[in-house]
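Chemist: Here's a structure for you.
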């Protein structure tokens, strides 16, 4: 009977790895560099070597290992095939098959944001929920959708790309994806900074934000100080995100919405700006959703990756 499972979260600069027992207790975690040279061909062999080294170090019988779960950026379908991961230099190939051949044990793979959502559902801010939306507000806006306890991946693994929902027709600047008016341009850390800089140019109001660096953190710090201009920025952010979440909820009918990523460190004040727009515009069948902050931080990916394997 299986006693252990590995969770792997592949990022652009480092790979996070975790060893868990099958109940979800984290026994050990560590990191290795992400070597993206040679079209990312070294990444999976490096992971396999690191896992083998950990098995040796811990003197674990491989027959007691349920398998290895992997989260990675880019669309990854339910068969474990990645459909290009630009940050890693990857084209289209099967993460599952490649790593299984290297390790000779079961492997499951999924998109990193989807996997993080699974982690938050299992052991984080979404515990007790089987239907949830995770939105991660970082450099970009990531998302993961859990329906009936399972990640909603879509046909090519691009389900849950919340950040690229179109929310503004009048945008003139392009998003990193090439489109214009994506949620990511207004609700990410960089998007909030962008909104604040626009507001500072358009308005002559006094503001703490005129005195130093403008960032998502300084905006919400200023909000906590009742800075009027910062509160206007937060209102705009909340409108875009609250309305977008109301649209998503109309499709998946969640019982929980979990907010994660670096911006979530601002705390409960975020909800004061998101929830009113959500509640105003959402279909009544999804109005009683529970909003919460993510609790696993950077470990959400390894928890969710481990859970992928345990859900086989």
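The values are calculated or read from the model by the stated rules, or taken from the named source; none is laboratory data. Everything numeric here is computed off the predicted structure, so don't read it as measured data. Here the Cβ positions follow ideal geometry from the backbone for every residue, glycine too, while neighbour counts run over all protein chains shown.
Chemist: Residues that are in contact (Cβ under 8 Å) with a residue 40 or more places away in the chain, over 19 Å from residue 170 (Cα atoms) and more than 24 Å from the chain's Cα centre (by Cα): does the stretch 215-222 have at least one?
Modeler: Within the stretch 215-222, not a single residue is in contact (Cβ under 8 Å) with a residue 40 or more places away in the chain, over 19 Å from residue 170 (Cα atoms) and more than 24 Å from the chain's Cα centre (by Cα).
Chemist: Sticking with this one: For the stretch 148-162: of the residues being at negative phi and out of contact with any strand residue (DSSP E or B) (no Cβ under 9 Å at 6 or more places or on another chain), which is surrounded by the fewest Cβ atoms within 10 Å (Cβ to Cβ)?
Modeler: Looking only at the stretch 148-162, we keep the residues that are at negative phi, and these are 150-153, 155-156, 158-159, 161-162.
Then keep just the ones that are out of contact with any strand residue (DSSP E or B) (no Cβ under 9 Å at 6 or more places or on another chain); that gives 150, 155.
Values: 150: 14, 155: 10.
Looking at the filtered set, the residue picked out is 155.
Chemist: Taking residue 251, is it in a helix (DSSP H, G or I) and without any contact (Cβ under 8 Å) to a residue 12 or more places away in the chain? Break it down into steps so the answer makes sense when it comes.
Modeler: Working: in a helix (DSSP H, G or I): yes; without any contact (Cβ under 8 Å) to a residue 12 or more places away in the chain: yes.
Answer is yes for this residue.
Chemist: Name the residue, out of 86, 5, 70, that is at pLDDT 95 or above and closer than 22 Å to residue 160 by Cβ. Before you say what the answer is, go through the steps one by one.
Modeler: Numbers: 86 fails: at pLDDT 95 or above; 5 fails: closer than 22 Å to residue 160 by Cβ.
It is 70.
Chemist: Looking only at the stretch 8-35, filter to residues that are at pLDDT 95 or above and out of contact with any strand residue (DSSP E or B) (no Cβ under 7 Å at 6 or more places or on another chain); which one of those is nearest to residue 84 (Cα to Cα)?
Modeler: Top of the filtered list is 35.
Chemist: Being buried (at least 17 other Cβ atoms within 10 Å of the Cβ) and within 20 Å of the chain's Cα centre (by Cα) narrows it down to one of 67, 80, so name that one. It would help to see each step written out before you state the result.
Modeler: Working: 67 fails: within 20 Å of the chain's Cα centre (by Cα).
Every option except 80 fails the conditions.
Chemist: Suppose the filter is in contact with a helix residue (DSSP H, G or I) (Cβ under 6 Å, 6 or more places away or on another chain), outside any strand (DSSP E or B) and not assigned by TED's automatic domain parsing to the domain that holds residue 149; does residue 48 pass it?
Modeler: Working: in contact with a helix residue (DSSP H, G or I) (Cβ under 6 Å, 6 or more places away or on another chain): yes; outside any strand (DSSP E or B): yes; not assigned by TED's automatic domain parsing to the domain that holds residue 149: yes.
For residue 48, the condition - in contact with a helix residue (DSSP H, G or I) (Cβ under 6 Å, 6 or more places away or on another chain), outside any strand (DSSP E or B) and not assigned by TED's automatic domain parsing to the domain that holds residue 149 - is met.
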